[in-house]
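One structure below.
The values are calculated or read from the model by the stated rules, or taken from the named source; none is laboratory data. Everything numeric here is computed off the predicted structure, so don't read it as measured data. Here the Cβ positions follow ideal geometry from the backbone for every residue, glycine too, while neighbour counts run over all protein chains shown.
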């Protein structure tokens with residue numbers, strides 16, 4: 001639990017270096033802008049500012065970099081909501097209901113929901129972190145491949161809630177995505193599907209592939225329209241409605257809490273990152289919601305659930321980094337480098353010797369998240385104006401920026417080529433009604449599924465009873481099966497009740513011997 | 001009519017050709033004499049934040065002082081350094097592109113395993129200050145205390161312990177060599193593969209696997225969570241003196257040295273512009289021996305040892321030969 005005297009010292013560090021607080025707003029804005037541009041990841045934004053931070057003192061440098069990180073955690077949801085193209089993989093699940101909301105003219109509210117869900121859960125994640133950083137670090141190291149495999153399967157369950165006209169095509173699309181996710185050299189050193197292209201040894205880069213797939217279908221769909229939102233009156237940008245959306249987020253404390261816990265735990269696992277947390281949080285919220293049928297058609301809970309796991313996941317990732325010196329993802333790897341460049345080595349030693357500093361960093365992240373509430377409102381107010389621009393101007397700009405973004409990742413032409421190929425693929429998939437999100441989920445999870453399954457097999461020597469030596473994995477599978485079972489049970493009950501009601505209604509109609517009136521009015525009566 | 005005789009005309013033409021060819025040839029001579037006149041690119045074939053990236057950025061201010069020009073760090077990650085290496089070979093041999101990289105094992109590995117379109121000899125070493133070695137370790141709460149115990153257990157039952165290692169690496173070759181020396185059939189071991197040193201270290205520290213074979217240097221932040229069993233080095237390693245040498249375990253094992261990281265140029269530069277090569281190596285030597293640089297880099301756990309081009313080249317080629325010899329173990 002929390003060490004009171006270290007906490008006191010941490011407050012001292014915070015206020016002694018109050019000048020470094022000036023880096024919060026620029027950091028947040030850089031993070032927001034970079035992550036809102038499709039094709040540029042959080043990692044890249046951090047990589048670009050890392051050399052700058054070399055010329056600062058330690059605490060301001062860390063404040064600056066973590067502010068970029070905090071801002072980037074939210075920015076990705078802006079294009080996800082407005083254009084159905086996630087800025088970063090971690091806001092992929094936000095597109096499901098966010099874009100549907102903006103189609104209904106609720107883009108102000110959707111952006112408000114996303115901002116508050118992301119930020120409040122981020123703060124909650126850091127509070128958890130402050131209390132639990134040491135035990136969490138030990139738990140993280142104990143998470144083995146079998147537990148990770150169970151988590152990946154849990155993420156795949158999202159496929160069930162994506163909904164598509166044909167189940168067979170949905171499954172086929174997911175299998176195709178998983179297959180694409182396994183291209184490259186696997187963990188055992190075998191190379192598959194690289195066509196002799198060296199770039200593919202590291203696998204298909206998920207960001208250009210995802211943007212290509214999603215943007216192609218989406219942009220072609222939008223090209224026929226004048227504006228992103230059809231209805232004339234709906235294209236307003238209103239600070240009042242954004243704030244109403246922000247405030248409305250607080251009506252769903254259950255969704256926020258569940259999302260943050262999922263986010264923190266999954267974010268803390270090294271090598272998983274926040275791109276999976278949002279999928280699981282969305283799927284779980286949808287499955288347990290009473291109105292699950294309206295998810296995907298603009299249910300605010302969908303936006304809130306997805307975003308709740310993003311910023312909290314960063315908290316989890318930060319815990320692993322500070323406590324163990326292990327990066328949870330690309331962005332924390334850069335933070336570690338920044339620490340080391342200032343002669344501070346994150347890891348178990350850091351927590352023991354410099355606990356006040358660790359607390360001060362966590363506290364500063366809470367401050368950043370609070371500041372983001374205000375900066376974020378201003379940012380979405382500006383960004384939402386894209387709905388007022390004709391699609392003939394928006395679409396080419398988005399395409400150009402996304403192409404540049406994917407080029408900028410490595411400075412290699414491989415990014416734009418991937419984008420182009422996957423755009424063609426995305427066009428073909430949507431033309432023949434294969435669900436593109438299923439392919440994206442497959443690409444995001446394919447590698448993890450294969451790697452962790454292979455390692456579980458290697459560790460156990462192929463013995464399935466190994467499952468019972470891993471209580472953690474049993475617990476995850478247990479919760480998953482229970483959750484599925486309960487959903488199936490309640491759905492069945494619901495269906496039965498509906499059927500019974502309908503039968504009773506029909507009986508009554510027959511007894512009354514009146515000609516059957518239109519059904520809608522019958523239900524009303 | 002002009003007063004020119006034919007001979008004079010010929011002389012004029014010949015002279016101007018001579019001057020022109022002199023002008024064409026001049027720049028390379030000038031370049032060598034004035035070098036460097038503009039910023040120098042340091043190609044790091046890894047993403048920002050890795051060892052080589054940190055080394056190049058931390059060392060840059062001291063090297064810049066000796067070179068008299070700023071350094072620009074260019075990260076070219078991908079395909080196990082093959083992309084960055086190819087990029088470096090495609091730059092003109094004018095001394096404005098140098099590499100900061102894990103020369104070993106990555107250059108030989110890309111050549112031997114990925115059929116990279118270059119040779120080990122296409123790169124020349126300036127200085128390789130950082131030397132890493134394979135470390136066999138367990139989690140600190142493991143019942144295993146020594147490497148001899150590991151051998152004993154595996155001799156009795158090769159499947160009794162799980163072993164975490166990165167395939168296609170020097171660590172993997174060393175693991176197989178050690179167990180072959182102990183007459184343990186490697187094909188019967190329970191080997192768990194990791195696609196990077198980081199995940200393999202986490203699995204070792206978290207007791208996911210019983211024994212991990214992985215580059216030792218990366219363990220330093222996690223040193224309190226592991227117990228070193230054997231390090232595959234000839235002499236006690238200065239950054240981890242607690243680690244027992246593999247020789248002390250009683251096994252007679254040949255092994256491949258681990259990573260050799262530092263400053264590299266293309267062999268084309270060394271051959272065509274020997275003055276530039278000499279200038280670069282002189283600047284590196286002075287910067288490496290600068291007490292301020294040594295102190296600053298030590299705080300970041302970065303190496304500054306000066307071995308020089310000859311010794312570095314020798315170590316690199318010896319390492320590459322060992323890897324070629326044992327490449328079948330790495331596949």
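Sort out which residues of region A:132-157 are facing another protein chain (nearest Cβ under 10 Å) and surrounded by fewer than 19 Cβ atoms within 10 Å (Cβ to Cβ), and write them in order of number. Within region A:132-157, A:138, A:139, A:142 qualify. For region B:44-72, a tally of residues being at the interface with another protein chain (Cβ under 7 Å from one of its Cβ atoms), within 20 Å of residue B:281 (Cβ to Cβ) and free of Cβ contacts under 8 Å to residues at least 60 places away in the same chain returns 0.
Report those strands (runs of 3 or more DSSP E) wholly inside region B:151-221 carrying at least 3 residues which are within 12 Å of chain A (Cβ to nearest Cβ).
Filter on region B:151-221 gives B:162-165, B:190-193.
Give the residues of region A:323-345 that are closer than 17 Å to residue B:53 by Cβ, facing chain B (nearest Cβ under 7 Å) and in a loop (DSSP other than H, G, I, E, B), sorted by residue number. Within region A:323-345, A:325, A:343, A:345 qualify. Every condition in (1) within 17 Å of the chain's Cα centre (by Cα); (2) modelled with pLDDT under 90; (3) surrounded by 16 or more Cβ atoms within 10 Å (Cβ to Cβ) is met by residue B:293 except one, and the failing one is (1). Look at (1) at pLDDT 80 or above; (2) farther than 25 Å from residue A:474 by Cα and you find that residue A:198 fails only one, number (1). If you check A:7, A:74, A:96, A:15 for being touching a residue at least 40 places away in the same chain (Cβ under 8 Å) and more than 27 Å from residue A:236 (Cβ to Cβ), only one passes: A:7.
The set of residues in region A:269-307 that are assigned to a helix (DSSP H, G or I), in contact (Cβ under 8 Å) with a residue 24 or more places away in the chain and farther than 25 Å from residue A:473 by Cβ comprises A:292, A:300, A:301, A:302, A:303, A:304, A:306, A:307.
Kindly check whether there is at least one residue in region A:435-455 that is on the phi > 0 side of the Ramachandran plot and more than 19 Å from the chain's Cα centre (by Cα). No: zero hits. Please tell me if residue A:229 is assigned to a helix (DSSP H, G or I) and crowded, with 16+ Cβ neighbours inside 10 Å. Spelling it out, it is not the case that residue A:229 is assigned to a helix (DSSP H, G or I) and crowded, with 16+ Cβ neighbours inside 10 Å. At least 1 residues being in contact with a helix residue (DSSP H, G or I) (Cβ under 7 Å, 6 or more places away or on another chain), closer than 30 Å to residue A:389 by Cβ and within 14 Å of chain B (Cβ to nearest Cβ) is the threshold, and among the helices (runs of 4 or more DSSP H) wholly inside region A:31-98 those reaching it are A:42-53, A:58-75. Counting only helices (runs of 4 or more DSSP H) that fall entirely inside region A:367-480 and contain at least 2 residues that are touching a helix residue (DSSP H, G or I) at 6+ places or on another chain (Cβ under 6 Å) and closer than 23 Å to residue A:48 by Cα, the qualifying elements are A:391-410, A:414-431.
Of the numbered criteria (1) within 21 Å of the chain's Cα centre (by Cα); (2) within 13 Å of another protein chain (Cβ to nearest Cβ), the one residue B:105 fails is (2). Each residue in region A:211-265 was checked for being modelled with pLDDT of 85 or more and either within 16 Å of the chain's Cα centre (by Cα) or on the phi > 0 side of the Ramachandran plot (or both), and 10 pass. Taken together, A:112, A:105, A:125 contain a single residue that is surrounded by fewer than 24 Cβ atoms within 10 Å (Cβ to Cβ) and more than 14 Å from every other protein chain (Cβ to nearest Cβ), which is A:105. Determine, yes or no, whether residue A:244 is in a helix (DSSP H, G or I) and surrounded by 22 or more Cβ atoms within 10 Å (Cβ to Cβ). So residue A:244 does not fit the description; no. For residue A:422, indicate whether it is modelled with pLDDT of 85 or more and farther than 30 Å from residue A:242 by Cβ. Spelling it out, residue A:422 is indeed modelled with pLDDT of 85 or more and farther than 30 Å from residue A:242 by Cβ.
Quick check on my filter: what residues within region B:226-247 are out of contact with any strand residue (DSSP E or B) (no Cβ under 8 Å at 6 or more places or on another chain) and part of a loop (DSSP other than H, G, I, E, B)? Walk me through it before giving the result.
Of all residues in region B:226-247, those out of contact with any strand residue (DSSP E or B) (no Cβ under 8 Å at 6 or more places or on another chain) come to B:238-239, B:241, B:247.
Passing the criteria: B:238, B:239, B:241.
Here residue B:113 does not qualify as within 16 Å of the chain's Cα centre (by Cα), within 13 Å of chain A (Cβ to nearest Cβ) and modelled with pLDDT under 90.
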